[in-house]
Amino acid sequence: MTPPIRAVIADDQMMVRQGFTVLLNAEPDIEVVGQAVNGLEAVAQAGELAPDIVLMDIRMPELGGIEATRRITAGESSTVKVLVLTTFDLDEYVYEALRAGASGFLLKDASADELAHAVRVVAAGDALLSPNITKRLITEFSRTAGAPRAPLKERIGDLTERETEVLSLVAAGLSNAEIAGQLILAEQTVKTHVGRILVKLGVRDRTQAAVFAYESGLVRPGGL
């Protein structure tokens, strides 16, 4: 049997932590292995418990969710994904959380099904979370990012022409199946391209690849 997705919930509100714990533990393939009341505890538990995913509130005492996300995802060997919890779908802090390494975000009023789906998607790293909202989010923060950073643009040069094309479509929020249909490729071929893109760019998942595409200037705001 496939082992369950191991999750840590970091939120300073006890009701949120307990509520999400009950909902996620009711899923056969998800197990909540820890709860953190602030960012420092979240970082510590990410290291000690080695979960697959941390559900991270942004506003917490001691250490905020953005810096906690940055610390958790900073190590090259870290495989822990971060799913940001937010009250508003365009919370300005979410922009910084994505830059810090978060793999997606979820509204706190999400349904039980949406919560479980978000955890599975981010833990797998194989699709953008809530594509319509995420595209709008990435487009918005890229408008404030300033000029493309040279080191990022140089790393784009490591990609083949086809990989660059696939990355642009990933940044547009397309799934592997949708990319395959647009480029007239087998879905497995697209999956292989995406895997190579992640390795070459040194990013953790599709969300971070999309962020990279915007910040490097490969994809421009409004070009979706």
task: List the pair-distance distribution P(r) of the stretch 157-218, using every Cα-Cα distance, as the percent of pairs falling in each 5 Å bin from 0 up to the bin containing the longest distance, rounded to whole percents.
output: 4, 21, 36, 26, 12, 2
field: Principal semi-axes in Å for the stretch 5-124 [√(5λ), Cα gyration tensor, largest first]
entry: 18, 16, 14
task: Based on the mean of other Cβ atoms within 10 Å per residue, sort peptides 14-26, 47-59 so the most packed one is first.
output: 47-59, 14-26
task: Sort 100-109, 174-183 for me by packing, meaning the mean count of neighbouring Cβ atoms within 10 Å per residue, highest on top.
output: 100-109, 174-183
task: Using a 10 Å cut-off on Cβ atoms, rank the peptides 193-202, 62-71 from the highest mean neighbour count down.
output: 62-71, 193-202
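Read-outs: derived from the displayed coordinates by stated rules, not from any lab. These figures come from a predicted structure and were not determined experimentally. Positions of Cβ are backbone-derived with ideal geometry, glycine not excepted, and every protein chain shown enters the neighbour counts.
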